[in-house]
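Take a look at the structure below.
The values are calculated or read from the model by the stated rules, or taken from the named source; none is laboratory data. Keep in mind that what you see is a predicted model, and the values were worked out from it rather than measured. Counting neighbours? That spans all protein chains shown, and the Cβs are built from the backbone with ideal geometry, glycine included.
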Amino acid sequence: MRAVKLKEIYTNLLSLAVFPKLLEDSVVLALCEYLCAEDDTDMRVSEYANFVSKVFSCGSSFAKHLQNLVNDDENVYIRTIGAGKTPSVALEKAVNAELDILQSVSEITPELLKANIDYCGYLPDFDVEKVNIPDEYRYRCNNVNRFGFGIYSKYKMFYLDDDRCIVPVKNPDSITLSELVDYKNEQNVIIENTLALLEGKPAANILLTGDAGTGKSSTIKAVANELYGKGLRILEVRKEQLYALPEILDQLSENPLKFIIFVDDLSFREDDDNFGALKAILEGSVSARSGNVVIYATSNRRHLVKETFSGREGDDVHRNDTMQEILSLSARFGIHLSFYKPNRETYLHIVTHLANEKGISVPKDEMYVLAERFALEKGGRSARAAKQFVDSLITKR
């Protein structure tokens, strides 16, 4: 009777039409290989042990692993929901049936599987955990604008590779707003603008300019970490990839999540083709409009374009118009924030705050002298220099 049930489980898994990608997962694949293994004791023992080994590699709970696979799966149903469309009756019926199948599969126990093996020796168990796959999946579908689907449900930061594919950052910077000292007014502007994006209100593109090491990039990443749970993701694009932005925006336009396209250390030459690509995006050309995306860029240059005297003195008949267009690119961002190097008081305040957070006990006067010396060696005071100084104190403890 048990053998019949195992065969039924295997057949049910083969019938998946909405969630067929689950069968490509190594754990589910190992289960299928066991369920259809030949009626040979050695073969069944081997396939069972391989299945449990795969479960262990994913956390030892098969039910929880299967639930995570279902929640993260990118399929035609969740894409339809994410785009704000109504699934067909046939598709809705298929999803309901398959969620019930997957729920029954999640209830598999070691005892059920081992009972099919004519062997009295040791066989490993795996953890049994009760989950409710249909209810959890429905909840995530109803809140798809917070959870997303596919790679966007598992990761918070992404980058564009050389083939213009969006790839997750598996070990992202975990910087938090609490770690960033001072520049609170600038941080609040970015947070309020990003919250407007998440709430479906008009949100501006932001340009952050100022001295190196003042926390421009860290602030953007910290905001992304802070608002991840509300449905925010960040995609980093290099300057030389800006020409691909219209294609990227097309990909993201029907995604239920909100995105920051992050361009770090932005600057152009006067003849740079990427200049025109960014200009078109910022001006909101027809191919570039997307209500769920904003662009946040950082630069050490206020005007973004590296000018030369020869460029200013060129023979362009409309030289003045050309120069005005180049110099006004930064003005096309809705919000422009400046991050300046901290003065002595602010720099030492950052050092003190970070040292206290790390539990470093050094006499204040001594620490201040060392911090100032460190900044001098680094070429000046900055938030980055303060963090590096505190890190150096940690290594010497």
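Observations, loosely collected:
- In the range 188-205, residue surrounded by the fewest Cβ atoms within 10 Å (Cβ to Cβ) [restricted to those that are polar (S, T, N, Q) and over 16 Å from the mean Cα position of the chain (by Cα)]: ASN188
- Qualifying positions in the range 381-397 - at pLDDT below 85 and loosely packed, with under 14 Cβ neighbours inside 10 Å: ILE394, THR395, LYS396, ARG397
- Restricted to the range 38-61, and to residues there that are in contact with a Lys or Arg (Cβ under 9 Å, 6 or more places away or on another chain) and not charged (D, E, K, R), the residue that is farthest from ILE117 (Cα to Cα) is CYS58.
- The set of residues from the range 118-145 being under 20 Å from GLN67 (Cβ atoms) and either within 12 Å of the chain's Cα centre (by Cα) or of a type in the set (S, T, N, Q) (or both) comprises ASN132, ASN142, ASN143.
- Within the range 305-342, the set of residues being touching a Gly at 6+ places or on another chain (Cβ under 9 Å), at pLDDT 80 or above and of a type outside the set (Ser, Thr, Tyr) comprises LEU337, PHE339, LYS341.
- Index of the failed condition, THR86 passing every other in (1) within 29 Å of the chain's Cα centre (by Cα); (2) not in a loop (DSSP other than H, G, I, E, B): (2)
Conditions tested, residue by residue: (1) in contact (Cβ under 8 Å) with a residue 40 or more places away in the chain; (2) outside the structural domain of GLU98 (by TED's automatic domain parsing); (3) among the β-branched types (Val, Ile, Thr).
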{"site": "THR11", "(1), (2), (3)": "no, no, yes"}
{"site": "SER15", "(1), (2), (3)": "yes, no, no"}
{"site": "VAL28", "(1), (2), (3)": "yes, no, yes"}
{"site": "ASP42", "(1), (2), (3)": "no, no, no"}
{"site": "VAL52", "(1), (2), (3)": "yes, no, yes"}
{"site": "VAL55", "(1), (2), (3)": "yes, no, yes"}
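- Residue in the range 58-74 that is crowded, with 17+ Cβ neighbours inside 10 Å and under 24 Å from GLY121 (Cβ atoms) present: yes
Results for (1) in contact with an Asp or Glu (Cβ under 8 Å, 6 or more places away or on another chain); (2) at pLDDT 85 or above; (3) within 19 Å of SER218 (Cα to Cα); (4) not aliphatic (A, V, I, L, M), shown as yes or no for each residue.
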position: ARG344; (1), (2), (3), (4): yes, yes, no, yes
position: VAL351; (1), (2), (3), (4): no, yes, yes, no
position: VAL362; (1), (2), (3), (4): no, no, no, no
position: PHE374; (1), (2), (3), (4): no, yes, no, yes
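- Search result, residues across the range 2-41 that are outside any helix (DSSP H, G or I) and more than 23 Å from LYS93 (Cα to Cα): ASP25, CYS36, ALA37, GLU38, ASP39, ASP40
Residue by residue, here is whether (1) under 25 Å from SER338 (Cβ atoms); (2) small (Gly, Ala, Ser); (3) under 11 Å from the mean Cα position of the chain (by Cα) holds:
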residue	(1), (2), (3)
PHE147	no, no, no
PHE158	no, no, yes
LYS170	no, no, yes
THR176	yes, no, no
GLU179	yes, no, no
GLU186	yes, no, no
LEU207	yes, no, no
LYS216	yes, no, no
ALA224	yes, yes, yes
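- If you go through the range 361-389 and keep only what is touching a Leu at 6+ places or on another chain (Cβ under 8 Å) and aromatic (Phe, Trp, Tyr), you end up with TYR368, PHE389.
- Selection status of SER104, in contact (Cβ under 8 Å) with a residue 60 or more places away in the chain, surrounded by 17 or more Cβ atoms within 10 Å (Cβ to Cβ) and among the polar types (S, T, N, Q): no
- Taking first residues from the range 78-93 that are over 19 Å from PHE147 (Cβ atoms) and partners that are surrounded by 17 or more Cβ atoms within 10 Å (Cβ to Cβ) and aliphatic (A, V, I, L, M), the Cβ contacts under 9 Å between residues at least 6 apart in sequence or on separate chains come to LEU91/VAL18.
- Single unsatisfied condition, ARG44 versus (1) under 40 Å from the mean Cα position of the chain (by Cα); (2) in a helix (DSSP H, G or I): (1)
- For the range 347-391, the set of residues classified as among the small types (Gly, Ala, Ser) and over 30 Å from the mean Cα position of the chain (by Cα) consists of GLY359, SER361, ALA371, ALA375, GLY379, GLY380, listed by residue number.
- For the range 128-172, filtering for residues that are under 30 Å from VAL390 (Cβ atoms), surrounded by 13 or more Cβ atoms within 10 Å (Cβ to Cβ) and not aromatic (Phe, Trp, Tyr) leaves 4.
- Boolean, GLN67 is part of a helix (DSSP H, G or I) and free of Cβ contacts under 8 Å to residues at least 60 places away in the same chain: no
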